[in-house]
Amino acid sequence: MEPARINKQKALLLEGEFLKQKIREWGATLVGFGDVSVGLAPELKHMPVAVSIGIEHPRGDMSSKEELYNSYFPEIDRLLEQIANQTVKFLRFLGCRSLAIPPDSHRPDRRFVARLFRLFSHKTAVTCSGLGWIGKNGLVVTPEYGPRVSWATVLTDAPLATSVKPYVFGKCGKCRCCVEACPAKAIKDRQWVRPEINVPVIDTEACRQQLEKNYLLYGRYICGRCIAACPIGREQKAEED
């Protein structure tokens, strides 16, 4: 391909909205670019920009705050992986280095890329991209859909215009819906703050034990009551349904 053509596409890439629109056309609900250079693992320092890709969960009955919530949607995860791979191909076509980090459901996968989960979190990409914050339940919460979104990330060295309004603290305020809904009392009612990223907002051991109890009852490691209880995005879903 002639240099002039490549330069034109790089100019579009620099604008950012072109790539975001492409990713939405491929099936994403939310897309954002974030500067994740601070604290990035040495193995990934050469790709300091994150493309955060989110897909909204199917709209079900959100009227009950007590229901179990299934946050695992294989069809969404397959689409996320497909979109991330398409994004990687697009960026590499333009001469940019890029790497797809798949959805969290791929953590048990023993492929090399799955080992990158310990080096990078989707939560970092989302908060740095200005798409959402970390709620009291330890999950990403978006203004539009609450915690009912699944995520994938593409790391790159592409010169994308990153968000100028990353989230650096939680926006849950005095809300205690997830705290009160948790059957294991695992949520500490602690507001997330980026400088305190390593300070846990939930008791992961208590959460794990509750999942094991639910496995005996339902045959699945499922709970999600904190997701169902979150009021953010639930009212919007009810209005749109």
Open item on the list: Residue by residue through the range 127-144, what is 3J(HN,Hα) from phi via Karplus (6.51 cos²θ - 1.76 cosθ + 1.60, θ = phi - 60°)? Round to whole Hz and write x for glycine and proline.
Closed with: 5, 5, 7, x, 8, x, 10, 8, x, 5, 7, x, 10, 5, 10, 9, x, 7
Task: FRET efficiency for Lys185 and Leu68, using Cβ-Cβ distance with R0 set to 25 Å, rounded to 0.05 - done: 0.90
Open item on the list: Can you list residues from other chains, or at least 5 along the same chain, whose modelled amide H is less than 5 Å from the amide H of Ser98?
Closed with: none
- [ ] Run the quick spin-label model on Arg59 and Tyr215: label points 7 Å from Cα toward the beta carbon, then report their separation in nm to one decimal.
- [x] 3.5 nm
TODO: Roll a 1.4 Å probe over the protein heavy atoms and report the accessible area of Phe90 in Å², nearest 10.
DONE: 40 Å²
- [ ] Sticking with the crude label model, points 7 Å out along Cα→Cβ, report the distance from Ala206 to Gln21 in nm, one decimal please.
- [x] 4.9 nm
Open item on the list: What are the ³J(HN,Hα) couplings of the range 71-77, residue after residue, when phi is run through the Karplus curve with 6.51, -1.76, 1.60 and θ = phi - 60°? Round to Hz, x for glycine and proline.
Closed with: 9, 9, 10, x, 5, 5, 4
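Which entries of Lys20/Lys174; Lys45/Lys89; Lys89/Lys188 have Cα-Cα distances beyond 30 Å here? Working shown, then result.
Values: Lys20/Lys174 34 Å; Lys45/Lys89 20 Å; Lys89/Lys188 42 Å.
Correct reply: Lys20/Lys174; Lys89/Lys188.
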Open item on the list: Just to be sure I understand the model, the point goes 7 Å from the Cα along the line to the Cβ. What's the resulting Arg97 to Ile222 distance in nm?
Closed with: 4.3 nm
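In what order, largest first, do Trp26, Trp192 sit by accessible area if the probe radius is 1.4 Å? Intermediate values should be presented prior to the final figure.
Details: Trp26 55, Trp192 15 Å².
The ranking, largest first, comes out as Trp26, Trp192.
The values are calculated or read from the model by the stated rules, or taken from the named source; none is laboratory data. Because the structure is a prediction, the values reported are computed rather than measured. As a convention, Cβ positions derive from the backbone with ideal geometry for all residues, glycine included, and neighbour counts pool all protein chains shown. In case anyone asks, the SASA skips ligands and DNA or RNA and just uses the protein heavy atoms, side chains included. Shrake-Rupley method; radii C 1.70, N 1.55, O 1.52, S 1.80 Å.
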